[in-house]
Amino acid sequence: QAQLIESGGGLVQAGGSLRLSCAASGRTFNTYTMGWFRQAPGKEREFVAAISWRGVSTAYADSVKGRFTISRDNAKNTVYLQMSSLKPEDTAIYYCAAGGGWPISRPNTYDYWGQGTQVTVSS
């Protein structure tokens, strides 16, 4: 059964860094766009970043551009989200997703989702 499993979340002080990992199993996702989304309490799930597994194309939400970096290792079937200069407003559950099509910033574009990992940024 295909699944995505996130890890690396936790509690961090504002200005700190975390690296999230998303490991895929059950199948390869080398032809899929991989994305990160997040959902904070009382808010809808929002786009964070995405990367094409066919090339070196990446996309970021304006709120995280310059602070977050998405990367992938197809040999390991894994995608990463390096988060730096974290802010309290980054606090959310972060979800990994795999899919295709357009637009890449829409959750409905993605077919596979992980269970999420909690990121909490203290002031």
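The values are calculated or read from the model by the stated rules, or taken from the named source; none is laboratory data. Quick caveat, the model's predicted, so the values are computed rather than measured. Heads up, the Cβs are rebuilt from the backbone with ideal geometry, glycines too, and the neighbour counts pull from every protein chain shown. Remember, those area values only see protein heavy atoms, side chains included, never the ligands or the DNA or RNA. Shrake-Rupley method; radii C 1.70, N 1.55, O 1.52, S 1.80 Å.
What the table shows:
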read-out	value
Mean Cβ count within 10 Å, highest first, over the residues of peptides 9-16, 90-97	90-97, 9-16
FRET efficiency for SER85 and SER57, using Cβ-Cβ distance with R0 set to 25 Å, rounded to 0.05	0.60
Modelled label reach - SER123, point 7 Å along Cα→Cβ, the stretch 84-109 residues with backbone N closer than 12 Å	88-89
Apportionment of accessible area to carbon and sulfur, the stretch 3-84, percent (1.4 Å)	46
Contact order relative to length of the chain, as percent, for alpha carbon pairs under 8 angstrom and 6 or more apart	35
Using θ = phi - 60° and Karplus 6.51 cos²θ - 1.76 cosθ + 1.60, couplings along the stretch 96-110 (whole Hz; Gly, Pro as x)	8, 9, 10, x, x, x, 8, x, 6, 8, 9, x, 5, 6, 9
Highest-first arrangement of 28-35, 62-69, 114-121, where packing means the average Cβ count within 10 Å	28-35, 114-121, 62-69
Per residue value of the accessible surface for the chain (all protein chains in place, 1.4 Å probe), Å²	53
Lysines with Cα under 28 Å of LYS76, excluding same-chain neighbours fewer than 8 positions away	LYS65
